Amino acid sequence: MKIGIVGLGLIGGSMAKSIKSRTGHTVYGIDLDQETMLLARLCGAIDGPLDEDTLPVCDLVLLAVRPQAAVDWVRDHGAQIGAAVVDLCGVKRTVVEQITPLARQHGFIYVGGHPMAGRERGGFTSSTEDLYVGASMILTPDETVDETFLDTLRTFFLDLGFAKLTLSQPEEHDRIIAFTSQLAHIVSSAYVKSPEAQRRRGFSAGSFRDMTRVARLDEDMWTELFLADADFLTQELGILIRHLEEYREALEAGDALRLHNLLKEGRECKASAG
């Protein structure tokens, strides 16, 4: 296949490197940063630029940019898209709602997607050919997408090292991702703001690293993701705040039994969640 990739940062760059190292597909890429384009060509992550000549012949275009940028790109280039598009954005409702009618207007196949993989640092220089090994690839196809094309996508993503494909609906995706990803980033960001974070050297180990790892985030990207999922995310924040208050109340009261039971409940919830 001929694969086009829009955006060669961590996600798109890793897609390009994975495709070139694990398959025989041809990759065309585009990025606003010309240094990134040069690096991608020099290291063999792309075979050439994604432009007005190569876009129409692509069998699949992957959108590895922020949600609104993905929508804007499809709006600007929809008439040139020859076959199929999968976006790789971290939220689905706002992207699917805007790209679906464009796909119908221009006659190409569209499936929402979200690779469940990443790392703290972004950019092409942080991308790797094995980022997706063992990860889950979420797809949100609608009723117009046939099984044959889904089988093509399943084979394609499994070839890149993904362990499985998870099919979902945009609303279900955004509801669950608010808890499993977005809430964790907010908690990490808030946690590291304690004055003690600057005085912890020599007193921290794995727990501190785990809690603060994702605080090293791209605030521009995550602001867009959080606001696109604000309804589900604020709901999860409310649940978390209520539970934190329970712990604080038990500590302030010196209630050992209540604290013991809260900790036991948390341990049991973790055991049942896996």
Task: Filtered residue count, the stretch 95-125, keeping only those that are open to solvent by 30 Å² or more (accessible area, probe 1.4 Å), part of a helix (DSSP H, G or I), β-branched (Val, Ile, Thr) and touching a strand residue (DSSP E or B) at 6+ places or on another chain (Cβ under 9 Å) - done: 0
TODO: Filter the stretch 53-87 down to the residues that are more than 24 Å from the chain's Cα centre (by Cα) and either modelled with pLDDT under 95 or hydroxyl-bearing (Ser, Thr, Tyr) (or both), then identify the one that is most open to solvent (accessible area, probe 1.4 Å).
DONE: 82
Task: the stretch 193-214 residues that are at pLDDT below 85, paired with ones that are not in a helix (DSSP H, G or I) (beta carbon under 8 Å, 6 or more apart) - done: 208/200
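Every residue, every condition in (1) within 26 Å of residue 114 (Cα to Cα); (2) not small (Gly, Ala, Ser), yes or no:
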residue: 225; (1), (2): yes, yes
residue: 230; (1), (2): yes, no
residue: 238; (1), (2): yes, no
residue: 244; (1), (2): no, yes
residue: 253; (1), (2): no, no
residue: 258; (1), (2): no, yes
residue: 267; (1), (2): no, yes
- [ ] Only residues in the stretch 152-165 that are in a helix (DSSP H, G or I) count as the first member; pair them with residues that are surrounded by 19 or more Cβ atoms within 10 Å (Cβ to Cβ), Cβ under 6 angstrom, at least 6 apart or cross-chain, and list the lot.
- [x] 157/137
Task: Qualifying helices (runs of 4 or more DSSP H) (wholly inside the stretch 177-274; at least 2 residues being open to solvent by less than 90 Å² (accessible area, probe 1.4 Å), in contact with a Pro (Cβ under 7 Å, 6 or more places away or on another chain) and within 30 Å of residue 122 (Cβ to Cβ)) - done: 219-228
Task: Number of positions in the stretch 12-37 that are open to solvent by 40 Å² or more (accessible area, probe 1.4 Å) and either part of a loop (DSSP other than H, G, I, E, B) or under 20 Å from residue 121 (Cβ atoms) (or both) - done: 5
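The values are calculated or read from the model by the stated rules, or taken from the named source; none is laboratory data. Since we're looking at a predicted model, the values are computed, not measured. No Cβ is skipped: glycine too gets one built from the backbone with ideal geometry, and neighbour counts run over all protein chains shown. These area figures cover heavy atoms from the full protein model, side chains too; ligands, DNA and RNA do not enter into them. Shrake-Rupley method; radii C 1.70, N 1.55, O 1.52, S 1.80 Å.
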